[in-house]
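Visitor: Take this structure, written in C-alpha coordinates, and hold onto it; I'll ask about it next.
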Amino acid sequence: MSKKELRQNMVLKLNKLDRKQYKERSSIIHQTLYQTDNWKAATMIGITISRFPEVDTYEIIRKAWSEGKKVTAPRCIHKTREMHFHLIKSFNDVSPSYFDLLEPEPSLERVEPGRIDLLFVPGLAFDSKGFRLGYGGGYFDRFLSYYNGNTISLCFTEQVLDAVPVEAHDLPVKRIIGEGLTLKP
(Lines give C-alpha, C1' and ligand atoms only; values in the text may rest on other atoms or scores of the structure.)
Protein backbone atom coordinates (compact mmCIF):
# COMPACT_ATOMS: atom_id res chain seq x y z
CA MET A 1 0.00 0.00 0.00
CA SER A 2 1.38 3.43 -0.92
CA LYS A 3 1.83 6.21 1.64
CA LYS A 4 -1.03 8.11 0.01
CA GLU A 5 -3.39 5.14 0.26
CA LEU A 6 -2.36 4.43 3.85
CA ARG A 7 -2.97 8.07 4.78
CA GLN A 8 -6.42 8.01 3.16
CA ASN A 9 -7.34 4.73 4.89
CA MET A 10 -6.20 5.97 8.30
CA VAL A 11 -8.09 9.26 7.95
CA LEU A 12 -11.28 7.35 7.04
CA LYS A 13 -10.82 5.02 10.01
CA LEU A 14 -10.18 7.86 12.48
CA ASN A 15 -13.07 9.95 11.20
CA LYS A 16 -15.41 7.16 12.36
CA LEU A 17 -14.64 7.98 16.01
CA ASP A 18 -17.63 9.55 17.72
CA ARG A 19 -16.92 12.68 19.78
CA LYS A 20 -17.64 11.08 23.15
CA GLN A 21 -15.32 8.16 22.44
CA TYR A 22 -12.71 10.57 21.08
CA LYS A 23 -12.70 12.63 24.31
CA GLU A 24 -12.62 9.55 26.56
CA ARG A 25 -9.78 7.92 24.65
CA SER A 26 -7.80 11.17 24.49
CA SER A 27 -8.19 11.53 28.26
CA ILE A 28 -6.73 8.06 28.85
CA ILE A 29 -3.73 9.00 26.70
CA HIS A 30 -3.30 12.27 28.62
CA GLN A 31 -3.25 10.48 31.97
CA THR A 32 -0.58 8.06 30.71
CA LEU A 33 1.48 10.98 29.40
CA TYR A 34 1.35 12.91 32.70
CA GLN A 35 2.92 9.94 34.51
CA THR A 36 6.02 9.82 32.29
CA ASP A 37 9.38 11.14 33.39
CA ASN A 38 9.58 13.06 30.10
CA TRP A 39 6.47 15.06 31.00
CA LYS A 40 7.45 15.59 34.61
CA ALA A 41 10.93 16.85 33.70
CA ALA A 42 9.92 19.10 30.79
CA THR A 43 9.91 22.84 31.36
CA MET A 44 9.19 23.75 27.73
CA ILE A 45 7.18 21.67 25.28
CA GLY A 46 6.70 21.88 21.53
CA ILE A 47 3.23 20.81 20.45
CA THR A 48 0.76 21.24 17.60
CA ILE A 49 -2.80 22.44 18.14
CA SER A 50 -4.84 19.34 17.35
CA ARG A 51 -7.73 18.98 14.95
CA PHE A 52 -10.23 16.14 15.16
CA PRO A 53 -9.50 13.23 14.84
CA GLU A 54 -5.95 13.75 16.17
CA VAL A 55 -5.48 13.01 19.88
CA ASP A 56 -6.66 16.15 21.68
CA THR A 57 -3.76 18.46 22.56
CA TYR A 58 -5.82 21.32 23.99
CA GLU A 59 -6.01 19.61 27.38
CA ILE A 60 -2.27 18.88 27.31
CA ILE A 61 -1.53 22.53 26.62
CA ARG A 62 -3.85 23.67 29.44
CA LYS A 63 -2.18 21.18 31.80
CA ALA A 64 1.27 22.44 30.80
CA TRP A 65 0.28 26.04 31.52
CA SER A 66 -1.28 25.05 34.86
CA GLU A 67 2.00 23.34 35.83
CA GLY A 68 4.08 26.37 34.83
CA LYS A 69 5.55 24.78 31.72
CA LYS A 70 6.23 26.97 28.71
CA VAL A 71 4.39 25.98 25.54
CA THR A 72 5.62 26.45 22.00
CA ALA A 73 3.71 25.68 18.82
CA PRO A 74 5.02 25.36 15.26
CA ARG A 75 4.50 27.79 12.45
CA CYS A 76 5.12 26.33 8.99
CA ILE A 77 7.24 28.31 6.55
CA HIS A 78 5.82 26.99 3.28
CA LYS A 79 8.41 28.49 0.98
CA THR A 80 11.25 26.55 2.66
CA ARG A 81 9.16 23.76 4.23
CA GLU A 82 10.62 24.58 7.63
CA MET A 83 8.95 24.99 11.00
CA HIS A 84 9.66 27.65 13.58
CA PHE A 85 8.36 27.25 17.10
CA HIS A 86 6.90 30.26 18.90
CA LEU A 87 6.01 30.70 22.56
CA ILE A 88 2.26 30.79 23.18
CA LYS A 89 0.69 31.90 26.45
CA SER A 90 -2.97 31.47 25.52
CA PHE A 91 -5.10 30.13 22.71
CA ASN A 92 -5.56 33.76 21.64
CA ASP A 93 -1.95 33.57 20.40
CA VAL A 94 -2.92 31.20 17.55
CA SER A 95 -5.03 31.66 14.45
CA PRO A 96 -5.99 29.62 11.38
CA SER A 97 -3.26 29.38 8.79
CA TYR A 98 -2.32 26.97 6.02
CA PHE A 99 -4.90 24.12 5.69
CA ASP A 100 -6.78 25.78 8.58
CA LEU A 101 -4.11 24.64 11.05
CA LEU A 102 -3.93 26.78 14.16
CA GLU A 103 -0.48 28.34 14.29
CA PRO A 104 1.12 31.01 16.45
CA GLU A 105 1.31 34.58 15.28
CA PRO A 106 4.71 35.16 13.62
CA SER A 107 5.35 38.18 15.87
CA LEU A 108 5.51 35.98 18.99
CA GLU A 109 8.85 35.03 20.54
CA ARG A 110 10.60 32.43 18.41
CA VAL A 111 12.14 29.56 20.35
CA GLU A 112 15.29 27.75 19.24
CA PRO A 113 14.93 23.95 19.01
CA GLY A 114 17.49 23.28 21.74
CA ARG A 115 15.27 25.02 24.31
CA ILE A 116 12.39 22.58 23.76
CA ASP A 117 12.63 19.73 26.30
CA LEU A 118 9.80 17.63 24.92
CA LEU A 119 8.52 17.64 21.36
CA PHE A 120 5.17 16.12 20.45
CA VAL A 121 5.37 14.72 16.92
CA PRO A 122 2.04 14.19 15.11
CA GLY A 123 1.35 11.40 12.68
CA LEU A 124 -1.32 9.25 11.11
CA ALA A 125 0.25 5.82 11.64
CA PHE A 126 3.12 4.43 13.69
CA ASP A 127 5.06 1.20 14.11
CA SER A 128 6.65 -0.32 17.20
CA LYS A 129 10.09 0.96 16.16
CA GLY A 130 8.91 4.57 16.47
CA PHE A 131 8.63 5.30 12.77
CA ARG A 132 5.64 7.32 11.70
CA LEU A 133 3.64 8.15 8.65
CA GLY A 134 3.10 11.89 8.76
CA TYR A 135 0.69 14.04 6.84
CA GLY A 136 2.97 14.35 3.82
CA GLY A 137 4.49 17.81 4.11
CA GLY A 138 7.84 16.69 5.53
CA TYR A 139 7.97 19.57 8.04
CA PHE A 140 8.53 17.40 11.10
CA ASP A 141 11.01 15.16 9.26
CA ARG A 142 13.15 18.20 8.49
CA PHE A 143 12.84 19.51 12.05
CA LEU A 144 13.73 16.13 13.58
CA SER A 145 16.93 16.01 11.53
CA TYR A 146 18.44 18.65 13.85
CA TYR A 147 16.33 18.35 17.01
CA ASN A 148 18.06 16.31 19.71
CA GLY A 149 15.54 16.40 22.57
CA ASN A 150 12.88 13.97 23.69
CA THR A 151 10.12 13.10 21.23
CA ILE A 152 6.70 11.61 21.89
CA SER A 153 3.87 10.76 19.55
CA LEU A 154 0.33 10.37 20.80
CA CYS A 155 -2.04 8.05 18.99
CA PHE A 156 -5.10 5.89 19.20
CA THR A 157 -4.58 2.14 19.27
CA GLU A 158 -5.71 1.63 15.67
CA GLN A 159 -2.94 3.97 14.49
CA VAL A 160 -0.22 1.50 15.55
CA LEU A 161 0.54 -0.85 12.67
CA ASP A 162 2.99 -3.71 12.18
CA ALA A 163 4.97 -1.51 9.80
CA VAL A 164 4.78 1.86 8.09
CA PRO A 165 6.62 2.83 4.91
CA VAL A 166 10.08 4.11 5.89
CA GLU A 167 12.47 6.13 3.76
CA ALA A 168 16.16 6.85 4.36
CA HIS A 169 15.49 10.33 5.81
CA ASP A 170 12.82 9.15 8.28
CA LEU A 171 13.71 9.33 11.97
CA PRO A 172 11.80 7.49 14.70
CA VAL A 173 10.27 9.12 17.76
CA LYS A 174 11.56 8.01 21.16
CA ARG A 175 8.17 7.14 22.65
CA ILE A 176 4.64 6.43 21.46
CA ILE A 177 1.72 6.72 23.86
CA GLY A 178 -1.75 5.36 23.16
CA GLU A 179 -4.59 4.09 25.34
CA GLY A 180 -2.92 1.61 27.67
CA LEU A 181 0.09 1.60 25.37
CA THR A 182 3.57 2.99 25.79
CA LEU A 183 6.19 2.01 23.25
CA LYS A 184 9.81 2.97 23.75
CA PRO A 185 11.56 1.86 20.54
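Visitor: Take region 98-147 and flag every residue that is over 22 Å from Glu54 (Cα atoms) and assigned to a strand (DSSP E or B).
Guide: Scanning region 98-147 gives Arg110, Val111.
Visitor: Further question on the same structure: Restricting to region 154-185, count the residues that are part of a strand (DSSP E or B) and either more than 13 Å from the chain's Cα centre (by Cα) or under 17 Å from Lys3 (Cβ atoms) (or both).
Guide: Counting residues in region 154-185 that are part of a strand (DSSP E or B) and either more than 13 Å from the chain's Cα centre (by Cα) or under 17 Å from Lys3 (Cβ atoms) (or both) gives 4.
Visitor: Would you mind stating whether Arg81 is among the basic types (Lys, Arg) and on the phi < 0 side of the Ramachandran plot?
Guide: Here the answer is no, as Arg81 does not meet what is asked.
Visitor: Taking Val173, is it among the hydrophobic types (A, V, I, L, M, F, W, C) and open to solvent by 40 Å² or more (accessible area, probe 1.4 Å)?
Guide: No; evaluated as a whole, the condition is false for this residue.
Visitor: Then there's this: Condition (residue is open to solvent by less than 50 Å² (accessible area, probe 1.4 Å), farther than 30 Å from Asp162 by Cα, touching a helix residue (DSSP H, G or I) at 6+ places or on another chain (Cβ under 9 Å) and of a type in the set (Phe, Trp, Tyr)) applied to region 71-90: is it met by at least one residue?
Guide: Scanning region 71-90 turns up at least one residue that is open to solvent by less than 50 Å² (accessible area, probe 1.4 Å), farther than 30 Å from Asp162 by Cα, touching a helix residue (DSSP H, G or I) at 6+ places or on another chain (Cβ under 9 Å) and of a type in the set (Phe, Trp, Tyr).
Visitor: Something else: Specify which of the listed residues (Lys63, Lys129) is modelled with pLDDT of 95 or more and either open to solvent by 70 Å² or more (accessible area, probe 1.4 Å) or within 24 Å of Ser26 (Cβ to Cβ) (or both).
Guide: Unique residue meeting the criteria: Lys63.
Visitor: Pick out, from region 1-97, the helices (runs of 4 or more DSSP H) lying fully within it that include 2 or more residues that are touching an Asp or Glu at 6+ places or on another chain (Cβ under 9 Å).
Guide: 3-14, 19-34, 37-41
Visitor: What's the number of the only condition in (1) open to solvent by 30 Å² or more (accessible area, probe 1.4 Å); (2) within 27 Å of Val160 (Cα to Cα); (3) modelled with pLDDT of 95 or more that Leu118 fails to meet?
Guide: Going through the list (1) open to solvent by 30 Å² or more (accessible area, probe 1.4 Å); (2) within 27 Å of Val160 (Cα to Cα); (3) modelled with pLDDT of 95 or more, Leu118 breaks only (1).
Visitor: Are any residues in region 4-56 of a type in the set (S, T, N, Q), surrounded by fewer than 16 Cβ atoms within 10 Å (Cβ to Cβ) and touching a residue at least 12 places away in the same chain (Cβ under 8 Å), and if so, which ones?
Guide: The answer is Asn15, Ser27, Thr43.
The values are calculated or read from the model by the stated rules, or taken from the named source; none is laboratory data. Every value quoted in this text rests on a predicted model; they were computed, and no experiment measured them. Methodologically, a virtual Cβ is constructed for each residue, glycine included, from the backbone with ideal geometry; neighbour enumeration extends over all protein chains shown. These area figures cover heavy atoms from the full protein model, side chains too; ligands, DNA and RNA do not enter into them. Shrake-Rupley method; radii C 1.70, N 1.55, O 1.52, S 1.80 Å.
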